[in-house]
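Just below is one structure, and these are the notes that go with it.
The values are calculated or read from the model by the stated rules, or taken from the named source; none is laboratory data. Please read all numbers here as calculations on a predicted model, not as lab measurements. Reconstructed Cβ throughout: ideal geometry from the backbone, glycine too, with neighbour counts over all protein chains shown. Just the protein is used for accessible areas: all its heavy atoms, side chains included, with ligands, DNA and RNA removed. Shrake-Rupley method; radii C 1.70, N 1.55, O 1.52, S 1.80 Å.
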Amino acid sequence: MANTHLNFLNFERAISLTPAKKQKLISSRVALQRKIVDYFRAMPGFTVPKFYIQGSYKMETMVIGKDGTYDVDLGVYFLKKPFLTPATIKKHIYNAVEKHTYKGAENKDKCVRVIYAGDFDIDLPVYYKTIFDIHPFLATKLNWMESDPKELCDWFKKKRDRNGQLIRLIKYFKYWANTRDRKMPSGIAFTVWVSNNFVPNIRDDISFYETAKAIRNSWLWSVYCRNPTTPNDNLVEELNSIQKENFKSSLDNLINEGYRALEERNSFTATRIWRNIFGLKFI
């Protein structure tokens with residue numbers, strides 16, 4: 001049986017943010033926060049929001065996509081309930097940042113996205129949470145929706161293992177999904193699936209394969225992923241039935257090819273099989 005554990009470790013480094021990229025991201029985040037604060041300081045009747053880095057950056061599971069770009073979530077939190085509709089408050093955030101970069105911004109359903117061309121996007125979901133609220137409320141185009149990203153980060157902290165294998169596996173799955181031609185589940189869905197079905201092993205190749213099987217076996221009838229924290233929604237509800245079947249087919253193929261790689265005696269051939277799964281960054 002070929003051992004490709006070291007190849008997996010090298011692959012994880014290749015798809016992770018470098019120190020230089022992290023520093024550029026931090027500088028961009030600080031400048032963006034300053035832009036938003038200045039905007040609301042000049043707006044009568046508004047409180048100045050607070051900010052919270054969340055999502056994959058906070059959980060250390062961020063990966064660079066096949067095109068070299070990545071997304072970052074920066075939560076914008078108002079500590080008083082805005083007197084405007086959620087759509088209007090999102091429009092104010094958009095107005096504050098629309099000219100911040102050359103590529104500008106997009107006002108999406110659940111966030112405002114600031115585009116840093118060819119590098120990364122910073123998503124700005126907007127929340128309010130007063131001292132009387134147990135959980136924050138997220139601004140969407142239609143209403144305020146109870147949602148708690150910090151609760152998810154705290155849940156994930158309890159799942160992490162000491163040697164970081166869980167984090168590495170999440171990165172492998174997310175990169176694999178990002179390189180598929182068909183629509184795949186979100187990174188949050190993979191984070192929950194891997195965390196709940198993690199099969200540790202001294203080798204990452206075996207752990208990845210066994211965890212993929214465990215994820216596949218966790219579905220009774222259809223592809224499903226319950227958010228373990230508020231709002232406890234289905235994290236794959238944006239996929240239609242055909243997309244779910246395509247994903248199951250892709251995962252089945254991943255499992256079959258992973259088994260073939262693990263059973264291969266020749267290390268060169270095993271590495272080539274994994275490279276066909278993950279792409280050229282796997283060496």
I need the phi-derived Karplus couplings for segment 48-56: 6.51 cos²θ - 1.76 cosθ + 1.60, θ = phi - 60°, integer Hz, Gly and Pro marked x.
7, x, 9, 10, 8, 5, 9, x, 5
For segment 245-281 and segment 6-23, what is the separation of their Cα centres, given in Å?
21 Å
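So between L220 and V37, what do we pick up on full extension, going 0.36 nm a residue minus the alpha carbon distance? Don't skip to the end; give the middle numbers.
On the way: separation 183, 0.36 × 183 = 65.88 nm, distance 4.78 nm.
Between L220 and V37, full extension yields an extra 61.1 nm.
What does DSSP give for the chain in terms of the percent of beta bridges that are antiparallel, rounded to the nearest 5? Spell out each step's value before the answer.
Numbers: 19 of 26 bridges.
Restricted to the chain, the bridges split so that about 75 percent are antiparallel.
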Taking amide H positions as placed 1.01 Å from N in the peptide plane, with prolines and chain starts having none, which residues 5 or more places from R226, or on another chain, fall under 5 Å of its amide H?
L235
Rounded to whole Hz, the Karplus (6.51, -1.76, 1.60) HN-Hα couplings of segment 18-26, x for glycine and proline
7, x, 5, 5, 5, 5, 5, 5, 4
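Using the heavy atoms of the protein chains alone and a 1.4 angstrom probe, what is the accessible area of segment 1-148 per residue in square angstrom? Before the final figure, lay out the partial values.
Numbers: 7530 Å² over 148 residues.
Accessible area per residue, segment 1-148: 51 Å².
Just check segment 22-133 against the gyration tensor rule for me: Cα atoms, a ≥ b ≥ c as the square roots of the eigenvalues, rounded for a/c under 1.5, and otherwise prolate or oblate depending on whether a/b exceeds b/c. All intermediate terms of the calculation are to be shown ahead of the outcome.
Working: a/c = 1.96, a/b = 1.55, b/c = 1.27.
Since a/c reaches 1.5 and a/b is larger than b/c, the shape of segment 22-133 is classed as prolate.
Using the Kirkwood radius built from alpha carbon pairs, what does the Stokes-Einstein equation give as D for segment 79-191 at 4 °C and 1.567 mPa s, in µm² per second? Each step should come with its number before you reach the end.
Details: Rh = 16.4 Å.
So the translational diffusion coefficient is about 79 µm²/s.
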Going down the table (K159/K281; K50/K150; K66/K281; K81/K110), which pairs top 19 Å between alpha carbons?
K159/K281
On a 22 Å Cα-Cα criterion, which of the cross-link pairs K35/K108; K90/K244; K90/K129; K103/K244 come out too long?
K90/K244; K103/K244
At most 16 other Cβ atoms within 10 Å plus a DSSP loop assignment makes a site exposed; report the longest stretch of the chain without any exposed GluC sites (Glu not before Pro).
99-236
Karplus-derived 3J(HN,Hα) from phi for segment 246-263 (6.51 cos²θ - 1.76 cosθ + 1.60, θ = phi - 60°), whole Hz, x at Gly and Pro, runs 4, 5, 4, 5, 5, 5, 4, 5, 4, 5, 5, 5, x, 4, 4, 5, 5, 7
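If contacts are Cα pairs under 8 angstrom and at least 6 residues apart, what is the relative contact order of segment 92-135 in percent?
Working: 56 pairs, mean separation 10.8, N = 44.
Computed over segment 92-135, the figure is 25 percent.
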So, for the Cα atoms of the chain, Rg and Dmax in Å stand at 20.3, 70
Name the residues whose placed amide hydrogens come within less than 5 Å of the amide hydrogen of S147, ignoring near sequence neighbours (fewer than 5 apart) on the same chain.
F137, L138
